Structures are given as C-alpha cells and as structure tokens.
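Colleague: Have a look at the structure that comes next, please.
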Number of protein chains: 2
Amino acid sequence: MRLIHLLAATALVSAPLAAQTTPPPAPEFARIVDEGTNRSQVMVLAQQMTDVLGPRLTNSPAMRKAEDWAVAEFKRMGLTNVRKDGFDFGRGWSIERSSVRMMTPRAVQLTAIPIAWTPPVSATAPIVVAPMTKKEHFAAWRGKLAGKIVLVSAPGKVDDATEAPFKRLSGEDIAKLDTFKEPTWDPAKNARNMARMTFEEDLDAFLKAEGAVALARISYRDDKLLHGEGYQHRTGAQTPGVEIAAEDYRRLTRLAAMGQAPTLEIVSDVKFDDSDRQAYNILADIPGTDKSGSYVMAGAHFDSWVAGDGATDNAAGSAMVMEAARIIRASGIRTKRTIRFALWTGEEQSLYGSISYIEKYLARRPAPATPQNSDQNYYGQTQRFPVTPLPGYRDLAAYFNIDNGSGKLRGIYAENNAAAVPILREWLSPFGPMGADSVVFGRTGGTDHQFMAAVGLPAFQFIQDPLDYESVTHHSGADTFDHLKATDMRQGAMVLAWMLVKAANADAPLPRNPIPQAPLPTDPFQTPDPNAE
Amino acid sequence: MRLIHLLAATALVSAPLAAQTTPPPAPEFARIVDEGTNRSQVMVLAQQMTDVLGPRLTNSPAMRKAEDWAVAEFKRMGLTNVRKDGFDFGRGWSIERSSVRMMTPRAVQLTAIPIAWTPPVSATAPIVVAPMTKKEHFAAWRGKLAGKIVLVSAPGKVDDATEAPFKRLSGEDIAKLDTFKEPTWDPAKNARNMARMTFEEDLDAFLKAEGAVALARISYRDDKLLHGEGYQHRTGAQTPGVEIAAEDYRRLTRLAAMGQAPTLEIVSDVKFDDSDRQAYNILADIPGTDKSGSYVMAGAHFDSWVAGDGATDNAAGSAMVMEAARIIRASGIRTKRTIRFALWTGEEQSLYGSISYIEKYLARRPAPATPQNSDQNYYGQTQRFPVTPLPGYRDLAAYFNIDNGSGKLRGIYAENNAAAVPILREWLSPFGPMGADSVVFGRTGGTDHQFMAAVGLPAFQFIQDPLDYESVTHHSGADTFDHLKATDMRQGAMVLAWMLVKAANADAPLPRNPIPQAPLPTDPFQTPDPNAE
C-alpha cells in the first residue's frame, strides 16, 4: 500500500511533467479536447435538463418528458440502439402548489415543501410535537394524535458552519483517498438502516390509523434549505407530509413547549400519476468496429428529488455523459468496442436503475429474504450469494460513473482493483494539466457503479471537486443550474470521452477482481459503536 | 498608534493575568456575574421578543405589541420613568400570507417574500426582465411593462462561499481593528447612496405609471435566503413588490432569455396600518443617588425587518440591554448617576429612533437641504453644521450600544477617543477571562451610537464575535431564536451591566472629543473609485 500511496503522490506532484514522460497522446486526445472545449454543448444539455425540464423524480410526469427528450437528443447525436429499458418501480408524483402557514399564535408564512409520494391535503389543525424514531415510541402517543399535525422530528440545534461551504480538493485531500479500504459488513448498521426505512412506513401507517391530519419533519440543513425526499414510491404514503425549514420547525416546537402550540394551515396540492408503473433507464450506443459483443459504458443517474431542479444531482453527470457521447460522435472517432451510455433512473430511491441493469444483463444475486418495498433491495445487496454471472457479464469491459456534482474531475477511484491502477493512471495521464490524473486505490459508494463493482466488474466512479455539493446543493432547493460550473463540466465531459475511447480501444479489457464468493465476514471482536442510535 | 496597538495585543494575550495585576474587582462585579450567570433571564427575554412577539417592523401591529410588552417588562423589573418616546415615522405594514408560483412553462412554487411597505396584490401575469439601476434606464422600457411582472434586478451569479459562515474573532482579527480611522467624507459615495434611495422611489413611481402588475427583485444572498427589506415607510410604495430567492430568480431570467418568459402567480396578502404614524423609542431608568442630572445609557434597536424574527438583529442586543437592567436592579446595586435604557425603533430605516433622541435631548443640526423622505436624513447627517448642544448634552456621561448579533462581546470601539481608551480598558479588565477586554481605537458605524459619537458624545459600540451574523442571519429569514448563543448573550449582558455601573459611579464622566465645528474635508486629490457604480 505504501508503494501505491507514494506513486499517487508522485503522479500528483509531477502532473504537468507526466504528459512529457508518457508517450504523446493519440490524435484522438486533441480531437476530443478541441470538440469539448470549442464546441461544447454540456451546459446547453444541462440547462435543458434543469431550467426547462425541471426536477426529474422517477416516474413523475416531468421525468416522462425528460426521458423523451433524452431519447431524442441521443438520436439527434447519431447514437444507435437508443432505448428505454423499463422495470417495475411504482407511482409518479408531482407538486402543483404548496403552502404551510402558522395561523396562531401569530401569522407566519413558513418555508416548507411536501414530502415526495405523500398524499395531498388542505387543512388547518393544531400541532403536537411527538418525536418518534422507533416503533417503541408509538405507545406514548396512541390516542393523542387524531386531528393533529404531528411534528415527528426532534428539533435539534443549529449546526455552526465553521467550514467553508465551497471547496476544491487539495493534493493532500486526494492523497488521503489513496488507501486500501477493506470491504466491511456491519450487520448492526445494516439492520439499523433497514429499520429506519421500515420505520418510515410504520410511522406512516400509525399516523393514518391514529387519524393524524399530516406529519411534519424538520429539514436536516439549517438556513432555510429544504429537500422533501420521500418514501413508499411503490404504494404512495398514506399520511400527508411536509418538511419544514429548520428555523421554522424549531420555532413551532419552542412555542409548543411554552404552552402555545401553534395551529398550522397546510396546503399540499400534490398529484399521483399511475399511468405507468415502469421506470426507464435510457440506453444508447456508439457501435464499435469489433463485433465480439465487448463494450464499455458510461453512466449517470438522470432522476432527482424535487426541491430544486436536480442540477448538481445529477443533471451535471447526465449532461457530461451525453456530452461525452456527442464529443465522440462529433470527433468521428471509431473504437473497437461499442460504447454504451446509460442515464439511470430510480437512483435516489436506491440505485434501482443500475440494479435492474445488473440483474437483467450482468449478474444475478438471490432475491432479498424480506419482501421488497422501499429501499430494502439496497441494504444487504452485497451479502446475497451466490453471484451468478449472466452471458453479458464478460462483455462489459469497463464502466465509468459520474455522480458527485458539477465539480472538475480530479481522478478516479480504483475500487481496490490493484491491477487496474497503472492502466487507469496511464489513460488519465494526459489530463494532468487539467487536474484529473489522480488514481486512488480506495472505494466509494452510494451511486450506480457500486453494485457492479460488488460483483467483480471493472466499474469506477470519478473523484470530483466537491464545490458546494455536500454543504448546499445535494437534494436541496438550491440545486439549480446556476450552481453548475461550466469550466468544470466541460473538463469532465472531455475526461469521460477520453477514458471511454481508451477503454474501448484497449487490447485487453480492464483487469477484474475475482467474483466474490461469500458474504463479507463480520468482525467478531467488533466493539459496538457507542454513537449508534 | 503603534503603542496603542501593542497595548491591545498585550491585553489580549495576557488576559487571564490581567485580573491578577489590576486591583481586585469591586464587590459589584461578583454580584453582577452571579446574577447574570446563575439567574439569567436574557434568553427568556429574547425568546419573548422572537418566538412570541415575532418580527418587529417599525410601526407594525407586532411592534405595537412588542412596545407594550417592553414597557411592562421594564416596569416589572422595577425601573422608573418607563416611557414611550414618539416621533413621526409613517405607516405600519405586515404580511398575512404570500405565495409566488411559476405557472408556465412548468409549475414551481418559488421561494419569495413581499417587500416591506409595498401594497398587496393577487395576480397572474407574464414576466419581463428589465434590470434598472438608474433613471436613465427607464426610457428603454417605457411602454413595455403594462400588465407585466417586472424583474428589476440583474441576475448575477452564485457567489462561491469559500469562507466559513460561522466565525469567532482571533486576537489577530481584533488587533486589526485597533487603528486610527480618520473620519472621511466622500461626497460622491454619499450622492450614490442618496441616489439609490431616491431611485427606489422613482422606480416605484415609474412602474406604477407604466401599469406594471408588480416588481420582483433578486435576493442578495444565495442558497434560498430571503430578506424583504422595504422602502417608503412614510407613504407606502405604489407598486407591489416581492423579493425572489436567487436560485428561483435566475431561473426565471434564463427561461426568459431562452424565449420562454414564465408567467407568475403572485399573492401578496399584506396590510397597511395607519392607526398611529408615530414610532416609539422605549426608555426606562434606574435612578442614581446624585441628582445632578448626569446619566449613562445603554441602547439597542428593538425594531427588525420581517423575513425572520429579528433575533440576532436585534432582539439579541435588546435582550442584553433589558437583562443588564434586570441584573443591576436584582443585584441591588446603587449608582451615583442615573442609568437609562433605550430600545430604539426605526433603526433599520436609518437610525430614526436614535436620531430623534439626539434631536430632542442632546444636540441639533440644521435640517437636511433636501425634503426628508425615506432615508435621506441619514446620508449627509455628519455634514450639517453647526452642531448646537441642547441642555441635555452635558448630562450624557456615556452611551453603550449593542447591535452586531448574539456573539460574545470581545471589547469595545473607542471611536477615536484617545482619552477614553485607558479608562475603558481599566473598566473592561475584569472581563479578560471572559474574552471581553479589548479596547480598540477605531470607529464603527451603521448603528445607534453613530450620530451621538458624531456630535462629540462618548458613545460606543461593542466588538462582538460575528458568528453567522454577516453570512446568514442579518435581515434574513434565518434570523430566528435558534441562531442565538445563550452563553454569549449571558456574557454580553454582564459586561454591559458592569460597564454601566462603572460609568455611572466614575468620579468624572468619560472624556469627550471636541464638538465638531465644520464639515469633514474631502480629499481634493481623491482618485475616483473605479468600482463605483
């Protein structure tokens, strides 16, 4: 590990020299940079996805329009085999209008948003502050919630923002990522995550049974940001729900604690759409010259939550994927292997789109033991064995994912794939002067390459400058086009196009890790986390 | 200057020792700290002002309730001569309900707030993006705005937040304040500020004459924060107006630039209240034993804007002032001089409350040359001569102001009053261990001590840790009780109580600077600021 660590540090420091010491880049490199710099369409594509199409909640009417738009765009670019690849997902949902007002003890227009997949409501009712995080908490509130708007979160405290919200990675930051990360399995943590999902459904049912008017939860960010992430996309929730800005929510709880429990007026004019329960990945190809079936792929999830326009999460990645396709086509570059482009859907609900692709074309795992609703397919995914490769398993020679905002690409996570490191490093080396040539050994998760890597496929996610992604835009109302960085997005599309071309023309597909054969071991000596809920 | 600078730095570094090397604090010190620490009411007072009373726009119905509450509280604490001291101000105004929605090309509930003192509206109309910053811009839009919602701001760009929003001052930060700041007079800058005020009124009248439905401006902070500061409190504005969150505003302008100018639905259910045009400072005394008429005073402005609850601006200062009064009364401390407590009003519109107090009781300046509307009394105030002291001029022995959020007091600005520096330093020295013993030579402005200091009175503002005041809470919707820091507020009230007691018992009143005799000179060689608008 030490050696790899040093290599990474060296690559980082001597990045501008790397281009001089490695062979001169292929002519394709110059063509990609020319097309991606001088005739870039990446911001035009991103603006269509955000300003024009708006947030793209999976199966929502806006997502349907976005799917049609993406298919048309890929066709316009001259891609082939452009298709919607469907799987059972659940209901569409959208917001028409919403308003939450405090009516007593004084009038305040609150900052709030409906929670996705909750039913509509228009009502005025008193609040009750009833924080509940597990089923055991229900007993204390039974019989006390009828006719009430139930504030289900603890109010918490303002988080003092002592770090800069907008960041770029230093060489030191990147070097820290360059460590072997042992795949771990923490059954207690998984159980807690599962319980949290199940709890949302239990709470929804409990509140419905109790005759609550609606539930309100607190935003998890301060300073009036909202998110509105929802649950139960398969059935829709039963209890209307809103997320209230932290400052407004805490005021409600304080007034209640003073014996002046406010009355709220909630208007949540939202609509379900059951015209089609299938969600659709969008797939499109640039065919290779070799007919072996071997292909490389780039992907980004196209779906978003609804508070903003899903700009950094993940119109940014989607636009870079589409722009990479356009660049390759427009440059007239032909490759040996086919290059496939994927815009995933259902990612925000738990990587449903990429899981569907894996299950259809790459490898199967046994079904989860528990009935599948909400996000239960996600948790425990890596523990279900055996992994059975499908005929398409060998065909996928490389997969590159983008899903960390609009920040400049700084390199790539090698996902503990030691044999791939020097190859990825060589491929990225011409991007040293553009800051993108770091290959780190470690793994990253939470997006669509994850379960491909988990079945042994050479699937990778790029490292990106975080900008204000974690601090501000991720899932929030501020996730809009103006938070995207054009220079960074152009660079990302060029890097992606280049990596696809290199992978598609490589003599051999990227080396793979072995197909995992058994569940990850749990550490018998593991000390329980004292901070766990 | 160098000497003073060094002294300040030394005081800072050796703060914990200062208490040992200065004479032991008077018994009053221990009584103040005991009362202010162990039986503090400062957060109870602040919560009443924010959660319960809410935002306190000058002359609004909420402010009337707040005035009554403050009078009752001061009386309950046993203060005497508790009174409302009125002056002509203008109209009351409040928000009942508001909503701004984009209706086409797609439905989005926007984040927006009515602008204070604009009239109500309920309408649906298309937007036109017509940025105007001076009267010369009107010609281009004449005849094009009827029936439109006019977006009057340029959209600008997201400001990358590369500094931490939440800050405390380091010793180095404080040392930087310890410099002589020559009072300056920049007639060009003053003219620009005046023109900006006048322009708001001109724009309002222009849009009314053109038949615009409403105006919309952009929030000056990103990440969905809103403010809603208004204008024309004397007459009320003629054109309905809303401030739209930066992200939402920019989306509108981009869609318009793409030829898809959105239609908005605006509901601004706001009310004027003309039951009383007088605004009222709240004054209350703790009488001294000496009947000479000499008194010391603490003040904070009690009024606020309306997006939040006016917590850090300035329930914090108001609560510290009231708590200082309570501490002194509850400690049974008697002083030679009377101690007066002032809760100013109309500060946000331009220090109207403190200007009124000065003009009634302390010193007169000639009336402004231009007719007084909006904030024109503020600009040019320091240039109007002669200053004519009133009989009360000599009586005010010291004035202490608090108005920079809820952050811990770190010391005090000596307002270029060299003779006062060692005295203030001695008085503050017992607060070294609590971090409040820095005396800096420099000046600060923008709040209610400013025009007292400008007529030569010993009037001072404290230095405070900024916390998230400048970055987040100042005038914004996030200016709520949960952004106040209890430990800091308790410290502030104790420091203030102590300084009042010391000033009220001092053998001699604080030294004063001479009464200014003539306008400040302008620099004939001054280079015009190339960045000026």
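All of the numbers you see were taken from the coordinates with simple rules; none came from a lab. Note that this is a predicted model, so its numbers are computed, not measured. We place every Cβ from the backbone using ideal geometry, glycine too, and count neighbours over all the protein chains shown.
Colleague: I'd like to know how the range B:284-334 sits against the 2.2 N^0.38 Å rule of thumb: what's its Cα Rg over that expected value?
Modeller: So the range B:284-334 has a normalised radius of gyration of 1.43.
Colleague: Roughly how crowded by other chains is peptide B:51-61, in terms of the mean Cβ count from those chains within 10 Å of each of its Cβ atoms?
Modeller: For this peptide, the per-residue mean of nearby foreign Cβ atoms is 3.
Colleague: Which of B:THR335, A:THR104 has the fewest other C-beta atoms within 10 Å, and how do the rest follow up to the most?
Modeller: A:THR104, B:THR335
Colleague: How far apart, in nm, are two points set 7 Å out from the Cα along the Cα-to-Cβ line at B:ALA30 and at A:ASP186?
Modeller: Label-label distance for B:ALA30 and A:ASP186, simple model: 5.1 nm.
Colleague: Right, here's the next one. Label-point separation (nm) for B:MET258 and B:ASP274, each offset 7 Å from Cα along Cα-to-Cβ?
Modeller: In this crude spin-label approximation the distance works out to 4.6 nm.
Colleague: Still on this structure, please answer the following. When the dipole is taken about the Cα centre of the range A:204-245, and only Lys, Arg (+1) and Asp, Glu (-1) are charged at their Cβ, what size is it in debye, to the nearest 20?
Modeller: 100 debye
Colleague: If I take R0 = 60 Å and measure r between the Cβ atoms of B:TYR220 and A:ALA418 in this structure, what FRET efficiency does the formula 1/(1 + (r/R0)^6) give, to the nearest 0.05?
Modeller: Computed FRET efficiency for B:TYR220 and A:ALA418: 0.70.
Colleague: Once you place label points 7 Å from the Cα toward the Cβ at A:ARG384 and B:ARG384, how far apart are they in nm?
Modeller: For A:ARG384 paired with B:ARG384, the spin-label model returns 7.8 nm.
Colleague: Take peptide A:227-236, look around each residue's Cβ out to 10 angstrom, count Cβ atoms belonging to other protein chains, and average those counts.
Modeller: The per-residue average across the peptide is 0.
Colleague: Which percent, to the nearest 5, of DSSP beta bridges fully inside the protein assembly as shown are antiparallel?
Modeller: Counting DSSP beta bridges with both partners in the protein assembly as shown, the antiparallel share is about 60 percent.
Colleague: Give me a comma-separated list of calculated 3J(HN,Hα) values for the range A:106-116, in order, Karplus coefficients 6.51, -1.76, 1.60 applied at θ = phi - 60°, integers in Hz, x for any Gly or Pro.
Modeller: 8, 7, 9, 7, 7, 9, 7, 8, x, 7, 4
Colleague: Quote the charge dipole size of the range A:32-84 about the Cα centre in Debye, to the nearest 20; the model charges only the Cβ of Lys and Arg (+1) and of Asp and Glu (-1).
Modeller: Computed charge dipole of the range A:32-84: roughly 280 debye.
Colleague: Now a separate question. Starting from the Cα-Cα distance between A:ARG168 and A:ALA140, subtract it from 0.36 nm times their residue separation and give me the gain in nm to one decimal.
Modeller: 5.3 nm
Colleague: If the label for A:ALA257 sits 7 angstrom from Cα along the Cα-to-Cβ line, what are its distances to the same label in every other copy, in nm to one decimal, shortest first?
Modeller: For A:ALA257, the other copies' label points sit at 4.6 nm, shortest first.
Colleague: A follow-up question, please. Which distances in nm, rounded to one decimal and ordered from shortest, link the label point of B:TYR220 to the equivalent label points in the other identical copies, with labels set 7 Å from Cα toward Cβ?
Modeller: Copy-to-copy label distances for B:TYR220: 3.4 nm.
Colleague: Tally the DSSP beta bridges in the range A:391-533 and give the antiparallel ones as a percent, rounded to 5.
Modeller: Of all bridge pairs located within the range A:391-533, approximately 35 percent are antiparallel.
Colleague: Projecting each Cα onto the charge dipole of the range A:78-142 (Lys/Arg +1, Asp/Glu -1 at the beta carbon, about the Cα centre), which of A:ILE115, A:ALA130, A:THR104 comes out farthest on the positive side?
Modeller: Selected residue: A:THR104.
Colleague: Once you wrap a convex hull around the alpha carbon atoms of the protein assembly as shown, what is its projected area averaged over all directions, in nm²?
Modeller: 45.9 nm²
Colleague: Give me B:ILE286, B:ILE355 ranked fewest to most by other Cβ atoms within 10 Å of their Cβ, as a rough exposure proxy.
Modeller: Placing the least packed residue first, the sequence is B:ILE355, B:ILE286.
Colleague: Could you pull out every residue, at least 5 positions away or on a different chain, whose amide H is within less than 5 Å of the one on B:VAL129? Hs are placed 1.01 Å off N in the peptide plane, and Pro or chain starts have none.
Modeller: Distant-sequence amide H within range of B:VAL129: B:LEU151.
Colleague: Can I ask one more? Between copies, how far does the label point of B:LYS135 sit from its twins, in nm, shortest first, when each point is 7 Å from Cα along Cα→Cβ?
Modeller: Label-point separations across copies, in nm and ascending: 7.4.
Colleague: Using the number of other C-beta atoms within 10 angstrom as an exposure proxy, rank A:TYR280, B:TYR231 with the fewest first.
Modeller: Going from sparsest to densest Cβ surroundings: B:TYR231, A:TYR280.
Colleague: Any idea what diffusion coefficient the range A:292-422 gets from Stokes-Einstein, in µm²/s, Kirkwood Rh on alpha carbon pairs, 4 °C, 1.567 mPa s?
Modeller: Here the translational diffusion coefficient equals 78 µm²/s.
Colleague: Step through the residues of the range A:317-328 one at a time and calculate ³J(HN,Hα) from phi using the Karplus curve (6.51 cos²θ - 1.76 cosθ + 1.60, θ = phi - 60°), rounding each to whole Hz and writing x for Gly and Pro.
Modeller: In residue order, the calculated couplings are x, 4, 5, 5, 5, 5, 5, 4, 4, 4, 4, 5 Hz.
Colleague: Magnitude of the Cβ-charge dipole of the protein assembly as shown, K/R +1 and D/E -1, about the Cα centre, nearest 20 debye?
Modeller: With Lys and Arg at +1 and Asp and Glu at -1, about 400 debye.
Colleague: A follow-up question, please. Which of the listed residues, A:ALA66, B:ALA503, B:MET320, is farthest toward the dipole's positive end in the protein assembly as shown, when Lys, Arg count +1 and Asp, Glu count -1 at the beta-carbon?
Modeller: Checked the options; the winner is A:ALA66.
Colleague: Using alpha-carbon pairs under 8 Å, 6+ residues apart, how would you state the relative contact order of chain B in percent?
Modeller: This gives 23 percent for chain B.
Colleague: Can you pull the Rg over Rh of chain B, Cα-only, Kirkwood?
Modeller: 0.99
Colleague: Obtain the radius of gyration and the Kirkwood radius of the range A:95-203 from its C-alpha atoms and give Rg over Rh.
Modeller: With Rh from the inverse mean 1/r over Cα pairs, Rg/Rh is 1.09.
Colleague: List the residues of the range B:381-411 whose backbone N lies under 16 Å from a point placed 7 Å from the Cα of B:GLN517 along the Cα-to-Cβ direction.
Modeller: Residues B:385-389 qualify, since their backbone N sits under 16 Å from the label point.
Colleague: Residue farthest toward the positive end of the dipole of the protein assembly as shown, with Cβ of Lys/Arg at +1 and Asp/Glu at -1: which of A:TYR379, A:TYR361, B:LEU252?
Modeller: B:LEU252
Colleague: Only helical DSSP H runs with n ≥ 4 go in: add -39500 (n - 2.57) per run for the protein assembly as shown, normalise by residue count and round the 222 nm mean residue ellipticity to 500 deg cm²/dmol.
Modeller: Helix contribution divided over all residues of the protein assembly as shown: -9000 deg cm²/dmol.
Colleague: Provide the percentage of antiparallel DSSP beta bridges, counting only those with both residues in chain B; round to the nearest 5.
Modeller: 60 percent
Colleague: Can you pull the Rg over Rh of the range B:161-246, Cα-only, Kirkwood?
Modeller: 1.13
Colleague: Taking amide H atoms as placed 1.01 Å from N in the peptide plane, list the residues 5 or more away in sequence, or in a different chain, whose amide H sits under 5 Å from that of B:THR104.
Modeller: The list, which skips near neighbours in sequence, is B:THR263.
Colleague: Whose amide H sits under 5 Å from the amide H of B:LEU396, counting only residues 5 or more places off or on another chain, with H placed in the peptide plane?
Modeller: Counting only residues 5 or more places away or on other chains, the set is B:TYR295.
Colleague: Still on this structure, please answer the following. Give me the Debye-computed log₁₀ of I(q)/I(0) at q = 0.14, 0.25, 0.27 Å⁻¹ for the range A:419-461, equal point scatterers on Cα only, no solvent, two decimals.
Modeller: Calculated log10 I(q)/I(0) at the listed q: -0.37, -0.92, -0.98.
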